[in-house]
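Here is the structure we will look at, set down as structure tokens.
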Amino acid sequence: MLLFLSMIVGFSYSQASHTYKWFDPAQSAFPVIEGRGWQAELKDAYDRFPAKAEQTVRKEVWKLSKNAAGEYIRFTTNASEIVVRYIVSGGKNFDHMPSTGVSGVDLYVQDNADNWHWVRAAYKFGDTIEYRYSGFASPAPVKEFRLYLPLYNTPVWLNIGVPETNTFSALPVNKEKPLVLYGTSILQGGCASRPGLAWTNILGRKLNMPIINLGFSGNGRLEQPVIDLINEIDAKLFVLDCQPNLVDKKQYPEPELENRIRNSVKSLQSKHPATPILLAEHCCGFPAVNLDSASANRYIWTSEVMANTFSKMKKEGVKNIYLLTAKDIGFDMESTVDGTHPNDIGMMKYAEAYEKAIRKIFSTGR
């Protein structure tokens with residue numbers, strides 16, 4: 001009871017005839033913010049990197065690491081009304097991505113048969129953003145709720161409220177080894193319409209495994225300082241999906257690009273020799289996706305470099321590496337917002353391709 005009370009922020013207010021009790025994940029008595037590799041030594045509550053990273057990664061990467069992409073909070077409650085209120089530090093939307101994806105939250109519920117159900121919200125984007133979930137009922141007994149945080153924004157503060165007559169318990173961070181994914185804006189979540197439809201979040205529900213999203217918009221470049229940080233995590237699988245930010249032949253000529261791929265694999269395997277590494281081609285490196293020949297040629301080129309480097313490493317005897325091809329991902333002309341960033345159709349294709357590849361790596365299946 002004392003632990004439960006310590007989790008509830010010491011204030012309440014009346015709204016819609018209810019008085020609410022509030023939980024602040026940043027003030028929890030134990031770590032509850034899932035989807036990141038570090039729970040201590042953080043500069044701010046929702047950071048994806050530890051504070052020391054500010055001195056080693058480029059400033060652009062550090063800034064993006066403060067976005068809450070892939071983070072979520074698990075909890076149980078018997079309430080049929082849940083309110084989430086928070087403030088974010090950045091702009092609420094992009095030209096090609098709505099506020100619900102950039103700055104929104106997203107609630108799912110898992111039943112006792114491990115099926116997931118999306119919960120509809122009424123929301124408003126003022127200075128304080130509010131999502132109100134009410135009148136919902138799971139078709140089966142509830143195992144847990146999962147609240148996904150904004151993909152492209154940084155929460156300044158966030159509270160979860162339920163009527164004071166209902167129970168609420170946050171669940172501690174899952175201790176299972178995570179899948180650690182390093183990549184670009186596509187991995188960060190651009191351009192999902194809401195956080196639960198980012199492909200990494202879809203994949204986490206499909207596999208029922210914890211996933212750490214280290215996607216950095218425009219800045220997933222297979223850089224050693226980021227690889228060094230990733231090497232601190234005891235992962236079940238590493239994914240390197242950075243080709244979408246490595247398409248400029250002048251900036252990244254083929255020898256440089258091959259070296260980045262090789263060095264990233266070598267570095268990860270030096271500390272985690274038994275951990276599989278899944279490499280990925282550019283999702284749009286496929287002729288059917290885009291009639292813009294200039295873009296398509298760059299995407300196909302970087303995919304070919306990845307495929308050729310992978311083939312060389314396999315012939316050299318490098319073990320425990322795998323490749324996800326553009327053909328495996330299976331994008332078509334309806335899969336993107338702008339010829340590069342996936343829409344919700346593309347996000348689902350991405351998640352399904354990764355699910356198939358990862359289940360094959362671990363020889364799992366249903």
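The values are calculated or read from the model by the stated rules, or taken from the named source; none is laboratory data. What you see is a predicted model; the values in this text were computed from it and never measured. All Cβ positions, glycine included, derive from the backbone under ideal geometry; neighbour counts span all protein chains shown.
A few remarks follow.
- Filter result for the condition that a residue is small (Gly, Ala, Ser) and under 20 Å from Gly190 (Cα atoms), over Gly126, Gly135, Gly37, Gly91: Gly91
- Subset of region 266-306 that is of a type in the set (Gly, Ala, Ser) and at pLDDT 95 or above - its residue that is surrounded by the fewest Cβ atoms within 10 Å (Cβ to Cβ): Ala274
- Test: residue in region 218-226 that is surrounded by fewer than 17 Cβ atoms within 10 Å (Cβ to Cβ) and out of contact with any helix residue (DSSP H, G or I) (no Cβ under 9 Å at 6 or more places or on another chain): no
- Boolean, Ala26 is surrounded by fewer than 22 Cβ atoms within 10 Å (Cβ to Cβ), among the small types (Gly, Ala, Ser) and modelled with pLDDT of 95 or more: yes
- Positions within region 230-244 being over 16 Å from Asn174 (Cα atoms) and of a type outside the set (A, V, I, L, M), in sequence order: Asn231, Glu232, Phe238, Asp241, Cys242, Gln243, Pro244
- Exactly one residue out of Val109, Val61, Val57 is assigned to a loop (DSSP other than H, G, I, E, B) and at pLDDT 95 or above, and it is Val57.
- Qualifying residue in region 317-329 (condition: surrounded by fewer than 23 Cβ atoms within 10 Å (Cβ to Cβ), under 13 Å from Gln243 (Cα atoms) and of a type in the set (Gly, Ala, Ser)): no
- Taken as a whole, region 113-120 holds no residue that is among the acidic types (Asp, Glu), modelled with pLDDT of 95 or more and closer than 22 Å to Val32 by Cα.
Residue-wise test of (1) under 22 Å from Phe238 (Cα atoms); (2) without any contact (Cβ under 8 Å) to a residue 40 or more places away in the chain; (3) assigned by TED's automatic domain parsing to the domain that holds Asn245; (4) touching a His at 6+ places or on another chain (Cβ under 9 Å).
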site: Ala26; (1), (2), (3), (4): no, no, no, no
site: Arg36; (1), (2), (3), (4): yes, no, no, no
site: Glu41; (1), (2), (3), (4): no, yes, no, no
site: Gln55; (1), (2), (3), (4): no, yes, no, no
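A quick yes/no check of all residues on (1) within 19 Å of the chain's Cα centre (by Cα); (2) surrounded by 16 or more Cβ atoms within 10 Å (Cβ to Cβ):
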{"site": "Gly90", "(1), (2)": "yes, no"}
{"site": "Asn93", "(1), (2)": "yes, yes"}
{"site": "Met97", "(1), (2)": "yes, yes"}
{"site": "Val102", "(1), (2)": "yes, yes"}
{"site": "Tyr108", "(1), (2)": "yes, yes"}
{"site": "Asp111", "(1), (2)": "no, no"}
{"site": "Asp114", "(1), (2)": "no, no"}
{"site": "Ala122", "(1), (2)": "no, no"}
{"site": "Asp127", "(1), (2)": "no, no"}
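- Tyr252 falls short of the stated requirement of being crowded, with 22+ Cβ neighbours inside 10 Å and of a type outside the set (Gly, Ala, Ser).
- Any hit, region 62-69, residues being crowded, with 18+ Cβ neighbours inside 10 Å, touching a strand residue (DSSP E or B) at 6+ places or on another chain (Cβ under 6 Å), in contact (Cβ under 8 Å) with a residue 12 or more places away in the chain and farther than 23 Å from Gly218 by Cβ: no
- Residue that is in the same structural domain as Leu229 (by TED's automatic domain parsing) and either of a type in the set (S, T, N, Q) or modelled with pLDDT of 95 or more (or both), where the choices are Leu158, Leu149, Leu207: Leu207
- Of all residues in region 314-321, none are within 26 Å of Asp338 (Cα to Cα), assigned to a helix (DSSP H, G or I), basic (Lys, Arg) and over 24 Å from the mean Cα position of the chain (by Cα).
- Yes/no for Pro244 being part of a helix (DSSP H, G or I), within 18 Å of the chain's Cα centre (by Cα) and either surrounded by fewer than 14 Cβ atoms within 10 Å (Cβ to Cβ) or at pLDDT 95 or above (or both): yes
- Some residue of region 178-190 being surrounded by fewer than 21 Cβ atoms within 10 Å (Cβ to Cβ) and touching a residue at least 24 places away in the same chain (Cβ under 8 Å): no
- Residue selected from region 136-164 under the condition farther than 21 Å from Ala122 by Cβ and β-branched (Val, Ile, Thr), by the criterion surrounded by the fewest Cβ atoms within 10 Å (Cβ to Cβ): Val156
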